[in-house]
Amino acid sequence: MSEPSDPLSRLRRADKAHLWHPFTQMQEWVDGDPVVIASAERELLIDTEGNRYVDGASSLWCNLHGHRRPEIDEAIRSQLGRVAHSTLLGLASAPSIELAERLAAIAPGELTRVFYSDSGATAVEVALKMAFQYWRQCERPRPDKTKFVCLDLAYHGDTLGAVSVGGIDLFHSIYRPLLFETIRAPSPYCYRCPLREDPATCGMACAAAMEAILAARADEVAAVILEPLVQGAGGMITHPDGYLRRVADACRAHDVLLICDEVATGFGRTGRMFACEHEGVRPDLMCLAKGISGGYLPLAATLATEAIYEAFLGRHSEGRTFFHGHTYTGNALACAAGVASLDVFEKDGVLERIGELEAALAEALAPLAAMPHVGQVRRRGLMVGIELVADSSTREPYPPEQRRGCSVCLAARKHGVWIRPLGDVVVLMPPYCIGDESLARLVEGTGAAISEVTDA
Ligand SMILES: Cc1ncc(COP(=O)(O)O)c(C=O)c1O
């Protein structure tokens, strides 16, 4: 029998023949029929058959103002009429300058310097290398400060430096022989406290553990790196209030740099422009990606303080230069999209809108928290994790091989909802333009999918 030759069948066949999808067991992928996205409209993804799905994961946490946002489309088109890309190695470009100026103006603290790259992982690599090099060439060099403190269950991307400071065994353990050594602090994961403490009475033992590490080992520590307020890929782990502040204070007290990875939390996701702002924290280095271009094009930035930047100044022969760069660093189309996205924040009062959405989302989620196999609904701003459990009274997880989180996301498709799990944590992260109807569809469709999968 000959293979069907309609356009969708042909695309699916070619996908299975040639693509290797990220974070995907391809042996299982080829047994399915992938949804092929053909277009999008605001918060909706539309497949080749015309089915519409609420983009409940903001296209992997990067889309901010919706798809085909006219102002961003137009900014890219208009930049395309001038130049799509020119290098930042030896040349400057207007959109990269304008975006850097805008980022420095809204960043917390004294983050005046913007170093571009193209993904969250590269923004993290840049921050790690800057922190390491800073201690070798700052005014009073401390070359023994070479180590990084990171959190268990941290996720900072998939390049080897970022994996070294990551802490998700499923993704990272196989690469251990390739990684540099780090110092690990317990994750502030109150629902499953790694220190077996009671959050009501522990006085934040996880913060005390971090303080103890820094008190004991500051002489060898270059920096602490963490995801402020929410550890995203670790399972939408929302940190207790005040944790970030305590870590930042301990860093200051012990002369250790603080790197805040705002790749997921930045650009309004937690309700403020940057998560650090909730606790008045001023990091030494901040990593941005995902939403920086409004979710349109690959772009990232590592922001540094003037003090860090100055440690890299000198004559070429002094060897203080930061020898790092990528071909597409500061790409003009992506930077133009980034500027247009920041304009939308201002013009539409997007941060206020996020506040209203938070309230609507909290209300809509309340019934899900009461479902028998929902252990906890965690939310910070518009970042939501719904942790599924076999038994909510004992918090016993489902056996991982049952892949309930994955089944929920598959079932949600039938309700017109596109979401992705992190193990048995179902993630919701809607774009900021989502309307009432789509928000209801997202939460109710997810709830319906959870009952179909967990009542079975
Ligand atoms: C906090 C954090 N850092 C870094 C990354 C890596 O970003 P990218 O996938 O753009 O490399 C991610 C991706 O999810 C992230 O959540």
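Say whether the condition of being touching a residue at least 40 places away in the same chain (Cβ under 8 Å) and among the aliphatic types (A, V, I, L, M) is met by at least one residue in the stretch 395-409.
yes
Which members of the stretch 1-29 meet the condition of being modelled with pLDDT under 95 and small (Gly, Ala, Ser)?
Those that are modelled with pLDDT under 95 and small (Gly, Ala, Ser): Ser2, Ser5.
Does Thr394 qualify as being modelled with pLDDT of 95 or more and open to solvent by 50 Å² or more (accessible area, probe 1.4 Å)?
Considered against the rule, which asks whether it is modelled with pLDDT of 95 or more and open to solvent by 50 Å² or more (accessible area, probe 1.4 Å), Thr394 comes out as yes.
Taking Pro70, is it out of contact with any Lys or Arg (no Cβ under 7 Å at 6 or more places or on another chain), exposed (fewer than 12 other Cβ atoms within 10 Å of the Cβ) and not aromatic (Phe, Trp, Tyr)?
yes
Restricting the stretch 3-27 to residues that are in a helix (DSSP H, G or I) and either hydroxyl-bearing (Ser, Thr, Tyr) or in contact (Cβ under 8 Å) with a residue 12 or more places away in the chain (or both), which is surrounded by the fewest Cβ atoms within 10 Å (Cβ to Cβ)?
If we take residues in the stretch 3-27 being in a helix (DSSP H, G or I) and either hydroxyl-bearing (Ser, Thr, Tyr) or in contact (Cβ under 8 Å) with a residue 12 or more places away in the chain (or both), then Pro7 is surrounded by the fewest Cβ atoms within 10 Å (Cβ to Cβ).
Given (1) under 25 Å from the mean Cα position of the chain (by Cα); (2) outside any loop (DSSP other than H, G, I, E, B); (3) crowded, with 17+ Cβ neighbours inside 10 Å, identify the lone condition not met by Cys406.
(3)
Out of (1) more than 12 Å from the ligand (Cβ to nearest atom); (2) buried (at least 24 other Cβ atoms within 10 Å of the Cβ), what's the single condition that is false for Val263?
(1)
Among the residues of the stretch 391-411, write down those that are among the hydroxyl-bearing types (Ser, Thr, Tyr) and over 15 Å from Gly375 (Cα atoms).
Across the stretch 391-411, the qualifying residue is only Ser407.
If I filter the stretch 130-161 down to residues being of a type outside the set (Lys, Arg) and in contact with an Asp or Glu (Cβ under 6 Å, 6 or more places away or on another chain), which single residue comes out as farthest from the ligand (Cβ to nearest atom)?
Per the criteria, the residue is Asp144.
Only one of (1) in contact with a His (Cβ under 8 Å, 6 or more places away or on another chain); (2) at positive phi fails for Gly416. Which number is that?
(1)
One line per residue, one yes/no per condition, for (1) open to solvent by 20 Å² or more (accessible area, probe 1.4 Å); (2) within 16 Å of the ligand (Cβ to nearest atom); (3) at pLDDT 95 or above; (4) not in a helix (DSSP H, G or I):
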| residue | (1), (2), (3), (4) |
| --- | --- |
| Gly268 | no, yes, yes, yes |
| Gly291 | no, yes, yes, no |
| Tyr296 | yes, yes, yes, yes |
| Ala301 | no, yes, yes, yes |
| Gly314 | yes, no, yes, yes |
| Thr329 | no, yes, yes, yes |
| Phe345 | no, no, yes, no |
| Ile354 | no, no, yes, no |
| Leu361 | no, no, yes, no |
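So is Ile213 of a type outside the set (Asp, Glu) and assigned to a strand (DSSP E or B) or not?
No.
Being within 16 Å of the ligand (Cβ to nearest atom) and either open to solvent by 30 Å² or more (accessible area, probe 1.4 Å) or outside the structural domain of Cys260 (by TED's automatic domain parsing) (or both) is the requirement here; does Thr201 meet it?
No, not satisfied.
Output the number of residues of the stretch 101-127 satisfying the condition of being more than 16 Å from the ligand (Cβ to nearest atom) and open to solvent by less than 30 Å² (accessible area, probe 1.4 Å).
Number of matching residues: 4.
Applying the selection to the stretch 188-210, what residues are in contact (Cβ under 8 Å) with a residue 24 or more places away in the chain, assigned to a loop (DSSP other than H, G, I, E, B) and closer than 14 Å to Gly242 by Cα?
Answer for the stretch 188-210, where residues must be in contact (Cβ under 8 Å) with a residue 24 or more places away in the chain, assigned to a loop (DSSP other than H, G, I, E, B) and closer than 14 Å to Gly242 by Cα: Pro188, Tyr189, Pro199, Met204.
Name the helices (runs of 4 or more DSSP H) wholly within the stretch 32-113 that hold at least 1 residues that are at pLDDT 95 or above, of a type in the set (A, V, I, L, M, F, W, C) and touching a Ser or Thr at 6+ places or on another chain (Cβ under 9 Å)?
Passing ranges, in order: 70-80, 94-106.
Output the number of residues of the stretch 243-260 satisfying the condition of being more than 13 Å from the ligand (Cβ to nearest atom) and open to solvent by less than 20 Å² (accessible area, probe 1.4 Å).
9
Which of (1) outside any strand (DSSP E or B); (2) more than 16 Å from the ligand (Cβ to nearest atom); (3) of a type in the set (Gly, Ala, Ser) does Ala233 not meet, given it meets every other one?
Against the list (1) outside any strand (DSSP E or B); (2) more than 16 Å from the ligand (Cβ to nearest atom); (3) of a type in the set (Gly, Ala, Ser), Ala233 comes up short only on (2).
The values are calculated or read from the model by the stated rules, or taken from the named source; none is laboratory data. The model shown is predicted, which means the values in this text are computed figures rather than measured ones. Glycine gets a Cβ as well: all are built from the backbone with ideal geometry, and neighbour counts include every protein chain shown. Heads up: the accessible areas ignore ligands, DNA and RNA and are worked out on the full protein's heavy atoms, side chains in. Shrake-Rupley method; radii C 1.70, N 1.55, O 1.52, S 1.80 Å.
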